[in-house]
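Quick note: the coordinates plus some simple rules give every number you see, no bench work behind them. A quick note: this is a predicted structure, and the numbers were derived from the prediction, not measured.
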């Protein structure tokens, strides 16, 4: 019994230190778990933004391609119009078409 007293007396401060360390560990673990959750939320948001960005880049490239195709068509159409006659209104049907919508060329956009 005498020996137990001294052992218990020596071990008790260590038990208290262990309990305090475990409480600190539990608090730190809660903070870490909350930070991990915030990190997951941010990563999910980042993935959504990245997908949206990629989609918008794809759309931009499609629009640029369509713009280039349209410009090329306009150039070809202008060449056809100018090579076939010096004026858009060389034939009566073209003149009615051009003049009725308020454009000077059949390839120009209407003015409404």
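Under 1.5 on a/c is rounded, so check that first for the range 2-83, then, if it is not, pick prolate when a/b is larger than b/c and oblate when it is not; a ≥ b ≥ c are the square roots of the alpha carbon gyration tensor eigenvalues. It is prolate, given that a/c is not under 1.5 and a/b is the larger ratio. Taking each residue as 0.36 nm, the span from residue 7 to residue 30 lengthens on full extension beyond its C-alpha to C-alpha distance by 4.8 nm.
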